[in-house]
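Chemist: Dumping the structure here so I can ask a few things about it.
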Amino acid sequence: RILRPNGVVRDVVVTGRVERGADGTALHLKGAFQDITDHKDLERERDQLIARMRMANQAGRVGIWEWQIRTNRVVWDENMFVLRGRTASSADLDFEGIVFETTYPDDRVRLRAEIDRVVASGSSYQLEYRVVWPTGEVRFLRSQGSVIRDDEGSPLQMLGIDWDITESR
């Protein structure tokens with residue numbers, strides 16, 4: 001950080017090098033300052049936004065999920081595990097292993113059909129279904145998600161959120 005003569009503080013990156021004579025004596029120092037203040041401001045704004053989103057996510061007990069369609073890999077935040085009565089260490093994070101294994105058996109076909117429809121059409125969805133915790137307790141979830149496609153229109157991933165609606169049923 002530097003302080004400019006007008007009192008304004010700027011973030012900079014400084015690069016330089018010393019040119020030496022044949023005997024190794026320093027002759028010149030050449031360098032450049034690059035003002036990265038705008039970049040640093042954007043980083044700080046991003047970090048603040050992420051912190052606010054995490055706080056809202058935790059307060060609302062909303063689970064955030066991502067399904068990498070091509071690799072069948074699922075990425076869950078901490079709340080997704082809580083919503084299904086699981087711990088991160090107890091989960092197999094492939095789509096079939098975690099999503100359908102924890103879904104109430106009578107709801108699996110309907111959930112699969114909705115996911116297949118959304119992947120094929122590219123539309124978003126909202127669905128209510130049940131999950132079974134390892135204790136046998138059944139909970140009701142509402143899930144919303146949408147598909148992200150590559151430049152050729154092929155599905156890459158689904159992103160979404162889930163939250164527990166058991167108490168409102």
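Chemist: Can you name the residue in region 26-65 that is among the small types (G, A, S) and in contact (Cβ under 8 Å) with a residue 60 or more places away in the chain and, of all such residues, is surrounded by the most Cβ atoms within 10 Å (Cβ to Cβ)?
Modeler: Our first condition is that a residue be among the small types (G, A, S); within region 26-65, this holds for 26, 31-32, 51, 56, 59-60, 63.
If we keep only those that are in contact (Cβ under 8 Å) with a residue 60 or more places away in the chain as well, we get 60, 63.
Numbers: G60: 11, G63: 22.
Ranking the qualifying residues of region 26-65, first place goes to G63.
Chemist: Considering only residues that are open to solvent by 50 Å² or more (accessible area, probe 1.4 Å) and part of a loop (DSSP other than H, G, I, E, B), look in region 73-95 and name the one that is farthest from Q157 (Cα to Cα).
Modeler: T87
Chemist: State all residues of region 2-25 that are outside any strand (DSSP E or B) and open to solvent by 100 Å² or more (accessible area, probe 1.4 Å); if no residue qualifies, say none.
Modeler: R4, P5, N6, A22, D23 - these are the residues of region 2-25 that are outside any strand (DSSP E or B) and open to solvent by 100 Å² or more (accessible area, probe 1.4 Å).
The values are calculated or read from the model by the stated rules, or taken from the named source; none is laboratory data. No experiment lies behind these values; they were computed from the predicted model shown. Quick reminder, even Gly has a Cβ in these numbers, built from the backbone with ideal geometry, and neighbours come from all protein chains shown. Quick note on the areas: whole protein, heavy atoms, side chains included, nothing else; ligands and nucleic acids left out. Shrake-Rupley method; radii C 1.70, N 1.55, O 1.52, S 1.80 Å.
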